[in-house]
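A quick write-up on the structure given underneath.
The values are calculated or read from the model by the stated rules, or taken from the named source; none is laboratory data. From a predicted model like this one, the values you see are computed outputs, not experimental measurements. Neighbour counts run over all protein chains shown; Cβ positions are idealised from the backbone, glycine included. Accessible surface is based on the protein model in full, side chains and every heavy atom, while ligands, DNA and RNA are left aside. Shrake-Rupley method; radii C 1.70, N 1.55, O 1.52, S 1.80 Å.
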Amino acid sequence: MFGQSSRAIRRAAVCAGALAAAALAIGTAAALPRAPWSTEQGSADRAAPRAAAAAAAGPRAVPLLGRKSNGRLYDYELTGSGGVKAAVDLGGGFADATALIQAGHSENGTGTDLYFRIGKTLYYTAERGNDTKPVGTGWDVYNLLMSPGNLGGTAHDDIVGRDAAGALWLFQGKADGALAARIRIGTSGWNGMDVLAGRGDYTGDGKSDLLARSTTGTLYLYPGTGNATADAAFGARVTVGTTWGATAYKTLVSVGDSNGDGKADLIAVDPAGALWLFKGTGRASAPFEARTQIGTSGWAAFTTLF
Ligand SMILES: [Ca+2]
Ligand SMILES: [Ca+2]
């Protein structure tokens, strides 16, 4: 199943603890709700899926995570056939996070780990670990942060950030959640984009790519070169389509290969709150099939999907 994520997740206690620690670190300690379950609950249930995911050679898929305006996080595990399962409430306390990023470093790269920004500081917490830690400060210079999965070609997921001048930067992840020194992967113009998405290969060459939606509604595919060197991470962009704007889709997000066919896919939320899957074709010239509805309503309530 190409590493499909199908296990239940019990990281809420870890995350809530992380936010408590973060709040203390910046001197704004607040009462944070406790998660209703143990981080150890059901760990045996996850052993087999973990092993299978670690052994899988194909593209990775991750759960869809969402935050609502009340600060609660929800986890939607994948069905493996393109859809998502019922929500698991991961707990609250995330209202103050100004960025939420999912990346996989722990559990041999199959863990669903979390980066989050509070104030100027970026924090990292492993799914099951007690190693919540500040990754660095000064992260307020980025007005958009996301993970494209493993863009740089190292063994771990990376983070992409956009600065106020419109340049794009790549931070390659390490096994312990630390990030390598940033590499510029876009010189200018990225301020014209309102969504960055993508997690995996959309062109069929095995190298991870990036998707970007312009504020005028055009979706672009930036084919990854696999070269994590300055201004050489992408080939010439391809126009996917011109009808992807905010009136059609509130946001776009990718969890990798949702349906297990080896090709990375894209998920979209329309303004009415329905959820749509665009199955990847693996062809740059026409990277997506016609959309398939995978959620009927309620998805517009998320302030962040990641
Ligand atoms: Ca590619
Ligand atoms: Ca797919």
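Assorted remarks:
- Cα lying deepest toward the dipole's positive end in segment 67-170, options VAL160, SER69, PRO134, charges on Cβ: SER69
- Dipole magnitude for segment 71-164: about 160 debye, using +1 per Lys or Arg Cβ and -1 per Asp or Glu Cβ, origin at the Cα centre.
- For the pair ASP89 and ASP205, label points projected 7 Å from Cα toward Cβ lie 4.7 nm apart.
- Distance (nanometres) between label positions extended 7 Å along Cα→Cβ at ALA290 and THR303: 3.8
- Surface composition of segment 133-223: carbon plus sulfur atoms hold 52% of the accessible area, using a 1.4 angstrom probe and ignoring ligands, DNA and RNA.
- Between amide H atoms placed 1.01 Å from N, distances below 5 Å from GLY119 occur with THR98, all of them 5 or more places distant or on a separate chain.
- Computed from phi, the 3J(HN,Hα) profile of segment 264-278 under the Karplus parametrisation 6.51, -1.76, 1.60 (θ = phi - 60°) reads 5, 10, 9, 10, 9, 10, 8, x, 7, x, 7, 10, 10, 10, 9 Hz, with x in place of Gly and Pro.
- GLY217 sits among other residues whose Cβ lies under 15 Å from its own Cβ, and their net charge, with Lys and Arg +1 and Asp and Glu -1, is 0.
- Whether segment 149-207 is rounded, prolate or oblate, judged on the alpha carbon gyration tensor where a/c under 1.5 counts as rounded: oblate
- ASP194 versus ASN143: modelled label distance in nm, points set 7 Å from Cα along the beta carbon direction: 1.3
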